[in-house]
1. Would you confirm, using the coordinates I've provided, whether Ile121 is of a type in the set (Val, Ile, Thr), under 25 Å from Ala41 (Cα atoms), surrounded by 15 or more Cβ atoms within 10 Å (Cβ to Cβ) and touching a helix residue (DSSP H, G or I) at 6+ places or on another chain (Cβ under 9 Å)?
2. Given (1) within 16 Å of Ile167 (Cα to Cα); (2) in contact (Cβ under 8 Å) with a residue 12 or more places away in the chain; (3) touching a strand residue (DSSP E or B) at 6+ places or on another chain (Cβ under 8 Å), where does Glu119 come up short, assuming only one miss?
3. Spot the failing condition for Asp171; the list is (1) under 17 Å from the mean Cα position of the chain (by Cα); (2) charged (D, E, K, R); (3) farther than 18 Å from Thr33 by Cβ, and only one is missed.
4. Residue by residue through the stretch 52-108, note down the ones that are of a type in the set (D, E, K, R), more than 27 Å from Thr131 (Cα to Cα) and in a strand (DSSP E or B).
5. Examine the stretch 148-169 for a residue that is surrounded by fewer than 18 Cβ atoms within 10 Å (Cβ to Cβ), in contact (Cβ under 8 Å) with a residue 60 or more places away in the chain and part of a strand (DSSP E or B), and state whether such a residue exists.
6. Return the residues of the stretch 36-51 that are within 18 Å of Asp188 (Cβ to Cβ), surrounded by 16 or more Cβ atoms within 10 Å (Cβ to Cβ) and not small (Gly, Ala, Ser); say none if nothing qualifies.
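Each value in this text was obtained by applying a stated rule to the coordinates, not by laboratory testing. Since we're looking at a predicted model, the values are computed, not measured. Neighbour counts run over all protein chains shown; Cβ positions are idealised from the backbone, glycine included.
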Amino acid sequence: MRRRVSLVIALIAGLGLHAPPSLAQSAPAFGLTQLMARFGAVKSATAQFTERKYLRMLKSPLSDSGVLIYAAPDKLEKNTLRPQPETLTIDGDTLAIEREGQTQTLSLSAYPQIGGFIEGIRATLAGDLATLQRIYYMQFAGSIDAWQLILQPRDAKMREIVRAIYISGDDVHITRIQTVEGDGDRTDMTITPGSP
């Protein structure tokens with residue numbers, strides 16, 4: 001179960017993708033409401049990621065890289081290319097993990113804390129502020145070209161899995177996501193637009 005949680009966190013942490021250039025126009029006023037409206041206009045996106053996982057039991061971080069894909073309203077995919085190929089796909093209520101020709105499928109409704117975590121991330125990508133407010137305590141700061149959103153789960157059981165998510169970006173371009181797990185382990189992902 002711990003491996004599944006880490007895989008889900010790793011998948012979700014990287015799904016703040018880059019919007020097509022047509023959506024990256026400046027707006028006169030900018031705050032969380034405006035940011036969510038801009039994310040709501042993104043129907044699909046692709047980005048490259050580099051991720052470092054800092055685990056208490058290891059002296060140095062684990063690193064991987066690959067491609068992230070988002071399709072509105074609720075499909076997320078993380079294709080790890082290095083060091084080992086692996087694909088994690090969330091589509092509706094289903095999480096599929098494919099590696100070495102084997103696929104494992106889980107129902108998110110069977111894991112409500114993970115499902116809540118995923119819904120919070122999907123709500124960010126979909127620009128669904130009401131869902132974010134229902135799932136997370138939020139702090140937002142910055143301007144259109146340099147902002148940060150901090151998400152802390154409202155649900156105590158969910159906080160045992162994820163303590164906080166720090167999302168940084170430039171307009172609708174998420175450039176970095178840091179996830180701190182309940183046990184103190186953390187993931188740091190940098191994101192750049194486009195496919196490799």
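1. yes
2. (3) is the only condition that Glu119 fails.
3. Asp171 satisfies every listed condition except (3).
4. Arg52, Lys53, Asp64, Arg82, Glu86, Glu98, Arg99
5. Scanning the stretch 148-169 turns up no residue that is surrounded by fewer than 18 Cβ atoms within 10 Å (Cβ to Cβ), in contact (Cβ under 8 Å) with a residue 60 or more places away in the chain and part of a strand (DSSP E or B).
6. Gln48, Phe49, Glu51
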